[in-house]
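Here's the structure, in structure tokens; my notes come after.
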Amino acid sequence: MSPSTKLYLRRSARGALVSLCVLITCSSLLEAQVKVQFPANTESAYTKLAWSTDSTGPRRFISVHGRRAALFGYSADGVEVWAYPFQILSAFRVSFRQQGTSTGIDGQALLRRITYSPEAVSRIYVGADFIVREKLFVPLEEPGAIIQYEIEGTRSIDIEFRFVPVLDLMWPASIGGQEAVWNTAASAYLISEPMHRFTASVGSPDIVAHDQTPNESQHLGRPPGLAFTVRAGSGHNRARIVIAASGPGQDVSLIAKRLLEKGDSLEEGAVDHYSGLMSHNLQIETPDADANRALAWAEIALDQAWVCNPDLGCGLVAGDSPSRKARRPQYDWFFSGDGMVAIRALLAAGQYDRARQELEFILQYQDHKTGMIWHELSQSAKWLDWSRYPYMFVHVDLTFQFLNTVGDYFLATGDLDFVKAHWPSIQSAYEYCRSLLDTADGLPRIPPDKEGRREQDALSDDLMLSANWAEAAQAFADLAEATGHRAAVTEAAAASQQASREIRQRYWDEQQHFWISGYTRGGAPLLDRDIGPASVLEKPFFSDAQRDSLLDQLASSDFQTDWGTRGIPSNAATYDPNSYSSGSVWATGTSGIATAFWTEHRPAIAFPVWSSLIQWSSLDSLGHMHEALAGDYYHEEVESVPEQTWSSAAFFTAAVNGLLGLKVDGVSNRATFAPHLPPNWNEITLRNVQVRGSQINIKMLKSANEIRLRLENEGAPVEILFDPEIPFGAKPLRAQLGNRSIAATLEQHPQDTHAKVEFNLPHGSTSLTIEYSGGVAIVLDASQLMIGAPSKTIKITGTKMNGRTYTVDFDYVPSTASSFEVRTPWAIKDAQGATFTVISPGTYRIALNARTREKEPRSYQHGNVVLTFAH
């Protein structure tokens, strides 16, 4: 993290402990640590999550979110304010003028620092002899915003607030005849439209001057829009601007008055909300402060995406970006597919109530005639005949995905009441999916007037759709079994099994040894090696040999960059590094690939892939993640939006389900914790793991030859499967649960080793110890990403252990000095392809043999290192 960027996060990394535990057994230290109780979270999450930067250029996105309103934008274009479903204003800018001077100074020229907290954004302007602190705040449940200024200086400051009044519905709906007039009694501009359904107010009690609004004013050569001036100075150094909106039957002046009078308490309420959110959701504390920050803000981003539209209800929006032409703030409306990606993250975070609410929002707009799930819903949909627009029921894949999401929800929560209450809708969705099946192979086909996952290609079918059908049919069978619909169980299970058999035959390319993404309407296979179907690697659709071929290719530098995984490889004929869909790097795809590598027990590859996303949270809108980056150099893809909900959601889900291997089975009252912690993470703490009616806190500590686990269960007993990764090639010696021995099963996979124990976790405190000996662990240096830089760090493509011979395969740039660490109690006897240096007992630095004369100095090549250990 740069010196100019500071993060304040509860309970930061214990670096001294980490360094010590790498070198010694840490038995006494671990014993002391494991006895520490889990303290109550008494510190404010808000104060600990505030994050500031002095990188304030015109491409720094800011946003403040409420349920009913939002304020966001880039300083280059000015900020816009929305009270759903309409925009109040755009192009909001400020300038400052000290009394006694005649020339104002543009605020952007004085902007020096931006501070982000979950409920507000503050901007610091620094003049020659004055400081202006601007706080942008949107209340959680009010249709408006409050902008506050505090001045420090020797003279009074006039602040000019300039904006363009809009008062128009979100695209594609629109209203005409907007008019802005000055209202002296309200000390505000009132913006209205002829039908008087919507009204907005922009004003302040501190206004000392304002523009007039006669028709001829637009011919006087002044900048577009309207402006007023507020004054603050000695003895009166605070000013507030209130922006409010009202719908049919509401009085905007009363709303503005409420915002003005209750601004402080509304802000305190928002702080309490986010503090409670961080206290009750799943908390993940690692030795890496940057990872902690990114994970915490991913949960905040999920919460900020929850929007309440007065006409449509409450649901998750897909993201935020400034309005583009006449369209809308990009993605700031409802997408069921994005919502279902977010539901997986909500389940991972233990936010079961919010996951249920989103499912019910999706069901609210299901096509009850066909059972089809909708694609997208504009926030202005109630103000026009949305069904006549070609956006709502267009993607067939979403209905399949819906059944899988309901299955995931039921498995995690055991919420049988939800399934029973919505069984007719669930069954209708299943019947719609069945209606698309081809009778010859039992796989779905896309009707000519519909689309699948890929909007850019007209396909007859695709791998992801077929895989989703196989999973959806099984999910429906499980739901039918749980609700007593036994007649449906056999049919759905058989359909799932048939689809699983057919997938391998239809979607495998023998020439490239890679999957076929789909088929065009004309029957031609898509052979671009798209990573979209990566989740199929978690299912037995392909053989072990086929999965190995897929994973080997996906690990290569053709796909991997220092900032994530390309959508298609750089050596594909259709690769375009700046294309939205043909070569850019997506956070969702990268998260899916990382999860696939963890699922297939390739942790040396998985962790660098996942951790490459951590720096995305500081690239633009601090705490939020972009939609996509370019495939050749580290920067945003041109069409990408700065806050994409599913990017944050997928990153968090991959951490919980992949890195931590944490999966909750609420039906069986069982939890699996199978972490693949990187070797330089010697502890991790999880708080608020929700398993049915129980809440569990977990603290795991590890050393060179031991793992200790401390669990606090505040509820009823829970079955636990603990299956941690231990050093590759290590042998477990013993396991002890409390004061008694317990069986530990060695699980040796081709690229990692695990030690598995199963036990019943009672109410109260429980401790577990697993001891092991030997083994090898590899640690890669973290990438330090710089805007505009190409990919250059080493990419592990595989590891192998054969007796005391350890082989690491990788792609690397020969002209770049590359190295990695190996941690092992075994002594290295020989190294082929590299030199080694002893850093400390048990820790080696492996430096690749350098090549200085390369025709293409930035090109990756394949190599390997073979380490032989003494017996």
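The values are calculated or read from the model by the stated rules, or taken from the named source; none is laboratory data. Here the structure is a predicted model, which is why all the values come from computation and not from measurement. Heads up, the Cβs are rebuilt from the backbone with ideal geometry, glycines too, and the neighbour counts pull from every protein chain shown. For the accessible areas, the whole protein counts, side chains as well, though only heavy atoms, and no ligand, DNA or RNA atoms are used. Shrake-Rupley method; radii C 1.70, N 1.55, O 1.52, S 1.80 Å.
Where helices (runs of 4 or more DSSP H) sit wholly within the stretch 233-349, those with at least 3 residues that are more than 17 Å from ARG68 (Cα to Cα) and either free of Cβ contacts under 8 Å to residues at least 24 places away in the same chain or touching a Phe, Trp or Tyr at 6+ places or on another chain (Cβ under 6 Å) (or both) occupy 263-280, 336-348. For GLU821, the criteria (1) open to solvent by less than 20 Å² (accessible area, probe 1.4 Å); (2) outside any loop (DSSP other than H, G, I, E, B); (3) under 24 Å from PHE559 (Cα atoms) hold in every case but one, which is (1).
Across the stretch 770-791, not a single residue is classified as assigned to a strand (DSSP E or B), crowded, with 19+ Cβ neighbours inside 10 Å and among the polar types (S, T, N, Q). Just one of the listed residues (PRO750, PRO678) is in contact with a Lys or Arg (Cβ under 8 Å, 6 or more places away or on another chain) and not in a strand (DSSP E or B), and it is PRO750. Among the criteria (1) of a type in the set (A, V, I, L, M, F, W, C); (2) outside any loop (DSSP other than H, G, I, E, B); (3) buried (at least 23 other Cβ atoms within 10 Å of the Cβ), the one LEU551 does not fulfil is (3). Kindly evaluate SER201 against the criterion of being at pLDDT below 95 and either open to solvent by 50 Å² or more (accessible area, probe 1.4 Å) or not in a loop (DSSP other than H, G, I, E, B) (or both). So SER201 does not fit the description; no. Restricting the stretch 445-457 to residues that are open to solvent by 50 Å² or more (accessible area, probe 1.4 Å) and touching a Gly at 6+ places or on another chain (Cβ under 9 Å), which is modelled with the lowest pLDDT? Selected residue: ASP457. Within the stretch 55-90, the residues that satisfy the criterion of being of a type in the set (Val, Ile, Thr) and either under 26 Å from CYS308 (Cβ atoms) or crowded, with 22+ Cβ neighbours inside 10 Å (or both) are ILE62, VAL64, VAL79, VAL81, ILE88. Within the stretch 331-364, the set of residues being modelled with pLDDT of 95 or more, buried (at least 24 other Cβ atoms within 10 Å of the Cβ) and among the aromatic types (Phe, Trp, Tyr) comprises PHE334, PHE335.
Considering the stretch 735-747, and only residues there that are in a loop (DSSP other than H, G, I, E, B) and farther than 13 Å from LEU721 by Cα, the residue that is least open to solvent (accessible area, probe 1.4 Å) turns out to be GLY738.
Residues of the stretch 656-674 being buried (at least 24 other Cβ atoms within 10 Å of the Cβ) and assigned to a loop (DSSP other than H, G, I, E, B), which ones? Residue satisfying the conditions is LEU660 alone.
For every residue, the table says whether it meets (1) modelled with pLDDT under 95; (2) out of contact with any Asp or Glu (no Cβ under 9 Å at 6 or more places or on another chain).
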site: GLY269; (1), (2): no, no
site: ASP272; (1), (2): yes, yes
site: LEU282; (1), (2): no, no
site: PRO287; (1), (2): no, no
site: ARG293; (1), (2): yes, yes
site: ALA296; (1), (2): no, yes
site: ILE300; (1), (2): no, yes
site: ASP303; (1), (2): no, yes
site: ASP320; (1), (2): yes, no
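Of all residues in the stretch 559-568, none are outside any strand (DSSP E or B), touching a residue at least 60 places away in the same chain (Cβ under 8 Å) and either in contact with a His (Cβ under 6 Å, 6 or more places away or on another chain) or among the aliphatic types (A, V, I, L, M) (or both). Is it the case, given these coordinates, that ILE707 is within 30 Å of TRP586 (Cα to Cα), open to solvent by less than 10 Å² (accessible area, probe 1.4 Å), in contact with a Pro (Cβ under 9 Å, 6 or more places away or on another chain) and not in a helix (DSSP H, G or I)? Judged against the criteria, ILE707 is not a match. Checking each residue in the stretch 800-817 for being in a loop (DSSP other than H, G, I, E, B) and either closer than 16 Å to THR753 by Cα or open to solvent by less than 20 Å² (accessible area, probe 1.4 Å) (or both) picks out GLY803, ARG804, VAL813, PRO814. Looking across the stretch 371-403, not a single residue is on the phi > 0 side of the Ramachandran plot and either open to solvent by 20 Å² or more (accessible area, probe 1.4 Å) or not in a loop (DSSP other than H, G, I, E, B) (or both).
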